[in-house]
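J.: Have a look at this one.
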Amino acid sequence: MKIILPGPYPRSERQIQATRHFDRSRVSEDDLVKVRFEDARVLKELQQGFPYLSTAMFHWQDLMRPLVGIISEARVSHLKRFFETNSFWRVLEFQLSSRLNPEDLQSWIDTYLLADGLYTVQEPIIINLPFLFTFREYSTGLHLDAIASLLEKICHAVSKLPKGVLCFHEPALGCRAISEEDKRVATRFVEKLKGDLSIPVFIQTFYSPLEVADRSFLYDLAVDGIGIDFYANTLEDIMKHFPDSKVLLAGVISTHTTRVENPEKIGNFVEKMKKFLPEEKIYLSVNGVAELIPREVMDDKVRNLRMVI
Amino acid sequence: MKLKPLMTHEIGSLAKPSWRVKAFSGTPLNDHDIHEAKKWGERLRISDLDSLIEILSKKEGFSPADKEAILSFASLFATRLMESTGLDILWDGEQHRVEMYEYPIRQMTGFLFRGHVRSFDNKYYRKASCVDKPGFSRLFHVKEYEQISSITQHRVKIPVTGAYTLVDWSFDEYYIGAISPGEAAVRESLHHARSCFLTDVAKNVIYPNLQALCDRGAPFLQVDEPAATTKRGEIPEFISSLKTSIGDLAGKAFFSTHICFSDYTLLFPQLLELEGILDEVHFEYANRDTKELGVSAAKRTSYGILEHLRNTRFVVGLGVLDVHTDFIESKELVRDRILYACEIIKDPYRLFIAPDCGLRTRSWDVAHAKLCNLVEGRNLAAAALGIS
């Protein structure tokens, strides 16, 4: 049994305070970096023994924003609610001529993927990116094919980490109507990616119940692992046809409540799950964006889960 | 209650002056803070300004009595600022409150603050968890209402954060129980927990507070529900929570709801169930509108939702000022936004004119200029319509 923590991790109260002070020029950037580094280091310790490591993404305001640093003719625009949460992303405006800008890539990777140097490219880190439909939801100026093309190039550029895993986030599935043509674009995108990349590719869905058509689309994607929110979906519905060739990222840490999960209930869930998948294919995970839970609580939830397994 | 056509009001918040913020946060004041207090005090003709300056001159180490006085003065300043703009109905910019979520939660029982979570960019808010059945130990808007209504001759409108927003912006540890992930009725269980949470907050917290305000003659009560359309599957629950919150108080005061930065189409048709319960429905519009003059759909691009409100009995609260920018809307722009709305709603008695939302992200200079132009724009529109 494994645990994986995809997506942004919550900042500690100390880092939140330091960020606030930095924004108001009360502390230096060095001071902020020290606090941020220490915060990430504590998280790294918490993940000892995990197959893939969250780098916390403390530099990321959301899953889209930093991409303007490596895409030409991109700008940050207005706020838009992040699906049905009380948090907001900024929409990115692209042009048809927007391209991956390789000049800034290495420093971008160092900053946004390697947590101020806490991690190296040799470590099994999780690289988090929005999947196509979420990318479209929070951008303007590009149709889905162009998004796929751009994301493909981004994935190639940032996935040169031999032991890492690429994890896409797709809360639009189950929440938005996705046309058959869009699903075909997504399917081709993943197939091409899998043909080119040597690292595993996961896709994390969350917040919404997945109807039959969504599940069918998801299970047929050429990804190596699929994340499911088990507070929006029943085990029965999901596991009936879940492909046993794929890893399941079981969203059992709830990001909707600060109540720490009942270990017995998680244990029961795991036992039921083992009837469908071998243990090595079950990764216990979060059911949404971990960042939306206060840090202390999230750490408690992870420690609790460690005890269960 | 005698209303006039195109009545003007604010929505709630105004920035807190630095001297009020620092006095409570423990940060020493500087000369600039005191200068600002003097400047605005003179501009707003605050009586007994000298006593405020004397207190502020300590710069730090304020006693509880000092803080009480500073708070009263902040409320007075903000109220006078609102009066000076010419608004018909006003509040004190929520000077007594930390902000719209934390303030009521702090007054309630059954909640514990768990830490900060991100809202957007590097902005975080302190989020609480419901750990027991929600209640309150004392009414939490009455003192505020009595203080503010005692310092102004204007009609006052009290913003009250609504049940749905309080619930949506909180975690639930109490009602949710120990729900098992993936269980057969996991969604139903979560939905039931949330409904119970919502009903209890509406019935046991919001209703009594609204009732107490009604009993004291509060004329205008605004239920703030920015979270109303967050979850598209919960519109019925939102409507139901408003019904429970207002209950048999309908008609005893003028009730409005303020919702902003949302997809308002999601509220229809269920919003119509609130006719006869809610008097005014206020939305944000200016944020998405063009800045060009004109009384056409091509110019007034964000006011299309008015079509949904046309044949209802609601007073339409019309947002005409974008609160997220220092751009000062000209009185002509405000006029045109109002005139366009009048073409749809027809009856100017059914239009109340306001900013999109609270003005706490704007400086007082900007807020004041915007609100003055709101009132002047209203007057231009009234003249164009041949009404006073």
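The values are calculated or read from the model by the stated rules, or taken from the named source; none is laboratory data. Computed from a predicted model, the values in this text were never measured in an experiment. Backbone-built Cβ (ideal geometry, glycine too); neighbour counts: all protein chains shown. Surface accessibility is based on the protein's heavy atoms, side chains included, excluding ligands, DNA and RNA. Shrake-Rupley method; radii C 1.70, N 1.55, O 1.52, S 1.80 Å.
J.: What number of residues in the range A:1-37 are open to solvent by less than 20 Å² (accessible area, probe 1.4 Å) and touching a Pro at 6+ places or on another chain (Cβ under 8 Å)?
T.: Of the residues in the range A:1-37, 2 are open to solvent by less than 20 Å² (accessible area, probe 1.4 Å) and touching a Pro at 6+ places or on another chain (Cβ under 8 Å).
J.: Within the range A:263-300, take every residue that is more than 12 Å from chain B (Cβ to nearest Cβ) and in a helix (DSSP H, G or I) and give me the one that is farthest from the chain's Cα centre (by Cα).
T.: For the range A:263-300, the residue satisfying everything is A:E279.
J.: Within the range A:13-47, take every residue that is assigned to a loop (DSSP other than H, G, I, E, B) and over 19 Å from the mean Cα position of the chain (by Cα) and give me the one that is farthest from the other protein chains (Cβ to nearest Cβ).
T.: Looking only at the range A:13-47, we keep the residues that are assigned to a loop (DSSP other than H, G, I, E, B), and these are A:24-28, A:47.
Still in the list and also over 19 Å from the mean Cα position of the chain (by Cα): A:24-28.
Details: A:R24: 10, A:S25: 13, A:R26: 10, A:V27: 13, A:S28: 16 Å.
Checked the range A:13-47; the qualifying residue farthest from the other protein chains (Cβ to nearest Cβ) is A:S28.
J.: Given B:D168, B:D200, which one is more than 12 Å from chain A (Cβ to nearest Cβ) and at pLDDT 95 or above? Can you show your working first?
T.: Numbers: B:D168 fails: more than 12 Å from chain A (Cβ to nearest Cβ).
B:D200 is the lone residue from the list that is more than 12 Å from chain A (Cβ to nearest Cβ) and at pLDDT 95 or above.
J.: In addition: Just checking, how many residues over the range A:204-259 are outside any loop (DSSP other than H, G, I, E, B), within 12 Å of chain B (Cβ to nearest Cβ), aliphatic (A, V, I, L, M) and touching a strand residue (DSSP E or B) at 6+ places or on another chain (Cβ under 7 Å)?
T.: 6
J.: Which members of the range B:178-197 meet the condition of being among the polar types (S, T, N, Q), touching a helix residue (DSSP H, G or I) at 6+ places or on another chain (Cβ under 9 Å) and within 14 Å of another protein chain (Cβ to nearest Cβ)?
T.: Result: B:S180, single match.
J.: Let me ask another. Hey, can you tell me all the residues within the range B:331-365 that are open to solvent by less than 10 Å² (accessible area, probe 1.4 Å), among the charged types (D, E, K, R) and closer than 30 Å to B:R20 by Cβ?
T.: B:D356
J.: What pairs can you find where one residue is in the range B:106-131 and more than 7 Å from every other protein chain (Cβ to nearest Cβ) and outside any strand (DSSP E or B), the other is among the charged types (D, E, K, R) and open to solvent by less than 30 Å² (accessible area, probe 1.4 Å), and their Cβ atoms are less than 6 Å apart, with a gap of 6+ or different chains?
T.: Going by the 6 Å Cβ cut-off, there are no qualifying pairs.
J.: Given the residues B:D263, B:D248, which is the only one that is open to solvent by 50 Å² or more (accessible area, probe 1.4 Å) and either within 14 Å of chain A (Cβ to nearest Cβ) or in contact with a strand residue (DSSP E or B) (Cβ under 7 Å, 6 or more places away or on another chain) (or both)?
T.: Working: B:D248 fails: either within 14 Å of chain A (Cβ to nearest Cβ) or in contact with a strand residue (DSSP E or B) (Cβ under 7 Å, 6 or more places away or on another chain) (or both).
Going through B:D263, B:D248 in turn, just one is open to solvent by 50 Å² or more (accessible area, probe 1.4 Å) and either within 14 Å of chain A (Cβ to nearest Cβ) or in contact with a strand residue (DSSP E or B) (Cβ under 7 Å, 6 or more places away or on another chain) (or both): B:D263.
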